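Before any comments, here is the structure.
The numbers here are math on the coordinates, done by the rules we state, and not lab data. Since this is a predicted model, take the numbers as computed values, not measurements. Quick reminder, even Gly has a Cβ in these numbers, built from the backbone with ideal geometry, and neighbours come from all protein chains shown.
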Amino acid sequence: STYLNHYYLLSLLLLLAAVMPLGDALSVDAWRRPERRRESFPAWCTWLLRAQVAVVYFYAGLAKLNAEWLIHGQPLNLWLGTMTELPHPWLQRFEVALAMSWAGFLYDTTIWLWLAWPRTRPYAFAVVAFFHLTVGLLFNIGMFPFIMVSAATVFFAPDWPRRALRRLRARGSQAGDSPPRARPMVGRWTKVGLALGAAFLLLQVLVPLRHLLYPGDVLWNELGMRWSWKVLVREKNGSVTFHLRLPDGKRQIVTPRKYLTDFQEREMSSQPDLILQLAHHIADDYAARGLGPVEVRAEARVSFNGRRSVLLLDPDVDLAQIEDGLGPAPWIRPAPGGPPVRLHPVAAR
């Protein structure tokens, strides 16, 4: 399976929806038991959903606050520079990639504020739709643009779907249902909800910062990369070869293709924890066949944002003896230094 930010966000939003009283109005339960129907819910539910979306945007912008993105325009320069199907060659220029990098940074760090302000909310939503749909056209990121456009609607007044329905039913007339009368929730449950919501939000604020506990560049070593909303901020490509030493001293070379599909190999080849998992699987496989215990070392060469490929892991470390955990990973080599490669469009002859 593959970790994707939009699957994680969708899971979080569905989790919140499952524990909030969102089904007390338009649901089968409310239809079958009208006495339990409630036309409103506590305001903290709305604010928690808004805070979750704001966290995504804020940390996505914070992840872009680095020289790779704001000075070198990477990885956008790399991606746009290799898109031969773009309608205009000037879109492949470094200046365009740098301008788009700054636009993405400013968008992510501020759009949630413009959405929260009622006076700018309609214009901000138009920017949200344009930004995400454009990104979705340029890059293959699945459902993420549509999820973010839909999620931005939580910043509107909670009754906007009802008002829209009344307008459709009235068809320009002044007729329509009167606003529903709120039935307040029991105070004890409101306090419990507030406490759980605050704990959930605190967790969402702290988890994306855990990479600060590890030395090195998180975009390279991946320590704290997941669940931190670092979206489209780096390009890594790699290849891995495993070197085995059997108990009798003989050596063997094993390629990942023996155990993985092409897609799995591409995902694994630049992520240290996945390389470690495969190394353990290889060791277990040899042990199950009576050929172990074996030493498993990996020669993993990775290109980071277009730089020359370098070793990702220490090739002298027996990965079969390394346990994956929450601590630092000294078996991961430091990120390569120096500026990344800058692509320039070449006129067709």
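Summing Lys, Arg as +1 and Asp, Glu as -1, what charge do residues with Cβ under 15 Å from the Cβ of Thr153 carry, Thr153 excluded?
Details: positive: Arg50, Arg121, Arg162, Arg163; negative: Asp159.
Around Thr153, the surrounding residues sum to +3.
Could you give the angle, 0 to 90 degrees to the nearest 10, between helix 43-62's Cα long axis and the longest principal axis of the Cα atoms of the chain? The answer is roughly 30 degrees. The amide H of Arg307, built 1.01 Å from its N in the peptide plane, has Val341 as neighbours under 5 Å, considering only residues 5 or more places off or on other chains. Residue-wise HN-Hα couplings along the range 283-300, as the Karplus relation 6.51 cos²θ - 1.76 cosθ + 1.60 with θ = phi - 60° gives them from phi, are 4, 5, 5, 5, 5, 5, 8, x, 10, x, x, 10, 8, 10, 10, 10, 9, 10 Hz; Gly and Pro carry x. Spin-label model, Leu196/Phe263: points 7 Å from Cα along the beta carbon direction are separated by 3.5 nm. Between the helical axis of 187-206 and the longest alpha-carbon principal axis of the chain there is an angle of about 30 degrees. Each residue in Thr46, Thr261, Thr2 was given a count of other beta-carbon atoms within 10 angstrom of its own, and listing them fewest first yields Thr2, Thr261, Thr46.
Taken one residue at a time, the phi angles of the range 113-126 give Karplus couplings (6.51, -1.76, 1.60, θ = phi - 60°) of 6, 5, 5, 6, 8, x, 5, 9, 4, x, 5, 5, 5, 4 Hz. Gly and Pro are set to x. Summing +1 for each Lys or Arg and -1 for each Asp or Glu among the other residues whose beta-carbon sits under 13 angstrom from that of Ala43 gives 0. Using 0.36 nm per residue and subtracting the Cα-Cα separation, the extra length available between Arg210 and Leu326 on full extension is 40.7 nm. Full extension of the segment from Asp273 to Arg121, taken as 0.36 nm per residue of separation minus the current Cα-Cα distance, would add 50.6 nm.
The residue among Ser309, Val294, Val254 whose Cα reaches farthest toward the positive pole of the charge dipole of the range 235-321, with charges on the beta-carbon of Lys, Arg, Asp and Glu, is Ser309. When only the Cβ of Lys, Arg, Asp and Glu is charged (+1, +1, -1, -1), the dipole of the chain relative to its Cα centre reaches about 1660 debye.
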